[in-house]
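Notes to accompany the following structure.
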Amino acid sequence: MRKSLRWALSLSVLIGTVGSTGTATAVDAETGSATVVDSQSTSTDIKDRILAIPGMSLIEEKPYAGYRYFVLEYVQPIDHHRPWAGTFKQRLSLLHKDTSRPTVFRTSGYGLSTTPSRTEPTRIIDGNQVSMEYRFFTPSRPQPADWSKLDIWQAASDQHRIYTALKKIYGKNWLSTGGSKGGMTATYYERFFPRDMDGVVAYVAPNDVVEKEDSAYDRFFETVGTKDCRDRLNNMQREALVRREPLEKKFQAWAESEGATFNTLGSLDKAYEAVVLDFVWGFWQYYGQDVCDQIPDAATASDDTVYETIDAYSGWSAYTDQGLEYYTPYYYQAATELGSPSIKQPHLAGLSRYGYQPAGSFVPREIPMKFKPQVMRDVDDWVRKNANHMLFVYGGNDPWGSEKFRLGKGARDSFVYTAPGANHGANVAGLVDAERENATARILAWAGVPAPAVQAAQPLARFDSRLDAVVDEDTTREHGLRP
């Protein structure tokens, strides 16, 4: 009886916010008695219909030609195993085109941009788009924060509840998508709720199955690009450690001028080296062979040039307390479930004091962490045996693609493609012709569009230079070793 009353009370919290034309179910906290009335809005306006969903509220609406764009909050349980034990508000956005169109469910795995944007699958199917802020990224963080409730199952359950609520309005097919950690998130969602989505498009999604086995990354950095480019990058990185003393003085002066601190990592010296060790990785993740000639010759570069070059591709602020704060949820997950890469970098032998520091080093010490090696093994095994209507797209020159998802004999109508020469921004458009056409056709088919459109294998919506610009809640900030 006690659990039933707590459940009833939690429901009253979850459905307490409705639109002006909707109604609510009120539950008395003392007696558990309820007064129930119809909560379905009679309005045909999409905003009224959305806000009639129990627990949904409007933050703002922004105009955009051809769409309606809403930034929303949705009340979620802190713990989906115990939904009566507290709630928090999670941000999401809705790019509404028409309820007769299919819908794409997108998350970056990080925070939420409130600028209207459209993912590649959304443009391909000319559909609606729901974007979700990942739990524990501010402001979508429970207070107080119980970090044990930040895991991939809880986040997948957040998506499942949002989908279940919106499916009543957007009744056509749904696809999930995301890039990098968002691609990982879309995959985990499919693993736990395989009946929700009609297809998955996961971009550049790392798959770290065995945390302590990272030789694939070492092989990548031994062969990527040309030898001349690799040497140029390695020499610049090495030079930054050779000149550690004068360059750290510049770093110290910058930190003091900015009020930057290093309590989480422990010292400015550790932060300095962490940024330098990210340099080559950051170059290949965000740039590529075509700009390698812009890297100065390390032997003749001035201290200022070395310092500024490292900053341009790694970002000196990345491992300050201020730079790490936003990413605490990511580093916590990397240290408890996702895993994180470590590479040898033999050209830095004798100069590196710390090596690649583990993800847990970037999490405040007061947050408890324990790594669970079975979590990624379970996901990998499930994808190999059960993938259905899943597309994985990687970049040929992206270090994160060194450990990718692979398909086994149990996979159906699923594909893993690599865009030649592409970096962490790889997409379907960058695939070779045959793979691009097949990927586009499968996305259209999974979305349930008519057969002629599937056969044409072309995006249904025209490119919009503002709406289709890449919006990534991670890469819009300073660099750092993050997917």
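The values are calculated or read from the model by the stated rules, or taken from the named source; none is laboratory data. Only a predicted model underlies this, so the values are computations on that prediction, with no experimental measurement involved. So basically every Cβ, Gly included, is an ideal-geometry build from the backbone, and we count neighbours across all protein chains shown. The area values use the complete protein model at the heavy-atom level, side chains included, leaving out ligands, DNA and RNA. Shrake-Rupley method; radii C 1.70, N 1.55, O 1.52, S 1.80 Å.
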### Query
Angle, helix 152-167 long axis vs. longest principal axis of the chain, Cα atoms, 0 to 90°, nearest 10?
40
## Note on the structure
Bridge orientation stat for the chain from DSSP, antiparallel percent rounded to 5, came to 50
### Query
In Å and whole numbers, how far do the C-alpha atoms of the stretch 141-218 stretch along each principal axis, longest first?
48, 35, 17
### Query
How would you order 407-416, 73-82, 196-205 from highest to lowest mean count of nearby Cβ atoms within 10 Å?
196-205, 73-82, 407-416
### Summary
Neighbours of residue 392 by Cβ distance under 9 Å: Lys/Arg at +1, Asp/Glu at -1, summed charge +2
### Query
Peptides 109-122, 255-268: what's the order by average Cβ count within 10 Å, highest mean first?
109-122, 255-268
### Query
Over the stretch 270-324, what is the mean sequence separation of C-alpha contacts under 8 Å (at least six apart), divided by residue count, expressed as relative contact order in percent?
55
### Query
Given a cut-off of under 8 Å on Cα pairs at least six residues apart, what relative contact order in percent is computed for the stretch 331-483?
15
### Task
Please give the contour-minus-distance gain from residue 138 to residue 367: 0.36 nm per residue of separation, less the Cα-Cα distance, rounded to one decimal in nm.
80.8 nm
### Message
Need one number: nm distance between label points at residue 99 and residue 81, each 7 Å from Cα along Cα→Cβ, rounded to one decimal.
### Response
3.8
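Find the percent of Cα-Cα distances in the chain that exceed 28 Å, and round it to a whole number.
Cα-Cα pairs of the chain separated by over 28 Å account for 55 percent.
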### Query
Under a 1.4 Å probe, what is the accessible area of the chain per residue, stated in Å²?
42
## Note on the structure
Using the Kirkwood formula on alpha carbons, the hydrodynamic radius of the stretch 167-316 in angstrom works out to 18.4
### Message
If you take every residue apart from residue 154 with its C-beta less than 13 Å away from the C-beta of residue 154, what net charge results, scoring Lys and Arg +1 and Asp and Glu -1?
### Response
0
### Task
Search the structure for amide H atoms under 5 Å from the amide H of residue 416, placed 1.01 Å from N in the peptide plane, and list their residues when 5 or more places away or on another chain.
392
### Message
If you take every DSSP beta bridge fully contained in the stretch 62-156, what fraction is antiparallel? Give it as a percent rounded to 5.
### Response
75
